[in-house]
Amino acid sequence: MLTRTTIVGIGIGAVILGIGIVSMILNSPFLHTEARDATIGIEKIATYEFDAPKSSHQKFTVTGDSFHIKLRTPADGIQKDEDFKNQITFDWYVLQEGTNKITINNTGSSELKFQYEFNRYGDQLLLTHNLVLIITAVIIIGFSAGFSARKPKGF
């Protein structure tokens, strides 16, 4: 027979377990694609830095009056430090696993549109957080189930 305390504890544990599993699926620490659109204000600098595995596909496009791009990829990959006007697209495959760094300086008189699609590793700290969340949920469910166990004589 389940008591009210047991049902409440199992319910809370199940909710926490569900949150941990969904978070682990959505924030995979393994390779995933991040695609976004951003704007960079006038006379502003934006820096993007991410770790990418070997042979992963990276792409970004910058559109605006004029801008300076500094792009550094690992090993013998792309190394750019140039001024551009109107629009530029960089599309490459990473030659060696490592950190890719992009710095965009808006030197024009209008905002820049920055669209990117990076294949990168997820955050390992989120994996640890999600595992702790799932383990906590299982412990809560276990203790709650213990409340409905019949106590032997003498306790």
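The values are calculated or read from the model by the stated rules, or taken from the named source; none is laboratory data. Just so we're clear, the structure is a prediction, and the values are computed from it rather than from any experiment. Every residue, glycine as well, gets a Cβ built from its backbone with ideal geometry; the counts of neighbours run over all protein chains shown.
Taken as a whole, the stretch 40-50 holds no residue that is farther than 30 Å from G146 by Cα, without any contact (Cβ under 8 Å) to a residue 60 or more places away in the chain and surrounded by 15 or more Cβ atoms within 10 Å (Cβ to Cβ).
Scanning the stretch 7-54 for residues that are over 18 Å from L133 (Cα atoms), of a type in the set (S, T, Y) and modelled with pLDDT of 85 or more returns T39, T47, Y48.
Taken as a whole, the stretch 113-124 holds no residue that is assigned to a strand (DSSP E or B) and either surrounded by fewer than 13 Cβ atoms within 10 Å (Cβ to Cβ) or of a type in the set (A, V, I, L, M) (or both). Set side by side, the residues S55, S28 differ, and just one is among the polar types (S, T, N, Q) and within 18 Å of the chain's Cα centre (by Cα), which is S28.
Considering only residues that are within 24 Å of the chain's Cα centre (by Cα) and either of a type in the set (F, W, Y) or closer than 17 Å to G142 by Cβ (or both), which ones fall in the stretch 1-20? Step through it out loud before you land on a result.
Pass one, the stretch 1-20, residues within 24 Å of the chain's Cα centre (by Cα): 15-20.
Hits for the stretch 1-20 are V15, I16, L17, G18, G20.
Residues that are of a type in the set (F, W, Y), in contact (Cβ under 8 Å) with a residue 60 or more places away in the chain and within 27 Å of M24 (Cα to Cα) are absent from the stretch 98-114 altogether.
Of all the listed residues (L26, L71), the sole one being without any contact (Cβ under 8 Å) to a residue 40 or more places away in the chain and either within 23 Å of Q124 (Cβ to Cβ) or not assigned by TED's automatic domain parsing to the domain that holds Q115 (or both) is L26.
So which residues in the stretch 79-101 are surrounded by 14 or more Cβ atoms within 10 Å (Cβ to Cβ) and in a loop (DSSP other than H, G, I, E, B)? Passing the criteria: V94, L95, E97.
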